[in-house]
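Notes follow the structure.
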Amino acid sequence: MAMRGHAPLHLPESRARALVQGEGEERTPGVELPAMLRGERIPGFWGLARLLMMPFDTTVALDDRRTAIVEAGDGSWVLIDLERNRVRQGGPRRLWDALEDLYLRLERYGRPSRDRFGLTVHPDGRQLVWLDDPDLGPRWELPARAAG
């Protein structure tokens, strides 16, 4: 389903594979990769991450140990290497840093399940995702999507 009436961007798998072969910043993640990738501890994480920072992502399993995530909207990407316990990221945003930050925040909020999240749409078009309470809980404003 298109968000806010705009057609979603699509990135061919071959382009995603090519992007993650480029130069990037590599580091050891600050989270347990397998648990994060499978959504074991925080079932609502990936849904929220996609809404907030990568609504047009292409995820590609490069092989049995490496996964690439590329956000088609701006070309930001992360290459996750389970065997080496390393991540490499590139593009205009530090996508992995943002994902990890959100994951750690949700850890601090008690690993919320999906049913603890809500959405408020304002008359001016702003959309807010909230946790537990629309006025008192943590809130995130969804980014406005450019017409395309």
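The values are calculated or read from the model by the stated rules, or taken from the named source; none is laboratory data. All figures in this text were calculated on a predicted structure; none of them were measured in a lab. Cβ sites come from the backbone with ideal geometry, for glycine too, and all protein chains shown count toward neighbours.
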> L119 fails exactly one of the following numbered conditions: (1) closer than 18 Å to F45 by Cβ; (2) exposed (fewer than 12 other Cβ atoms within 10 Å of the Cβ); (3) out of contact with any strand residue (DSSP E or B) (no Cβ under 8 Å at 6 or more places or on another chain). What is the number of that condition?
Replying inline: (3)
> Restricting the search to the stretch 128-138, which residues are closer than 18 Å to M53 by Cα and touching a helix residue (DSSP H, G or I) at 6+ places or on another chain (Cβ under 8 Å)?
Replying inline: V129, L131, P138
> Out of all the residues in the stretch 59-81, which are surrounded by 15 or more Cβ atoms within 10 Å (Cβ to Cβ) and of a type in the set (A, V, I, L, M)?
Replying inline: V60, L62, A68, I69, V70, A72, V78, L79, I80
> Considering only the stretch 123-142, how many residues are exposed (fewer than 13 other Cβ atoms within 10 Å of the Cβ) and among the aliphatic types (A, V, I, L, M)?
Replying inline: 1
> Which of the residues spanning the stretch 17-39 are in contact with a Gly (Cβ under 8 Å, 6 or more places away or on another chain) and of a type in the set (S, T, Y)?
Replying inline: none
> With respect to the numbered conditions (1) at pLDDT below 90; (2) farther than 16 Å from R94 by Cα; (3) not β-branched (V, I, T), which one is the sole condition not fulfilled by G22?
Replying inline: (2)
> Are there any pairs with C-beta distances below 7 angstrom linking a residue in the stretch 85-98 that is of a type in the set (V, I, T) and at pLDDT 95 or above to a residue that is part of a strand (DSSP E or B) and surrounded by 22 or more Cβ atoms within 10 Å (Cβ to Cβ), with the two at least 6 apart or on different chains, and if so which?
Replying inline: V87/V78; V87/L79; V87/I80
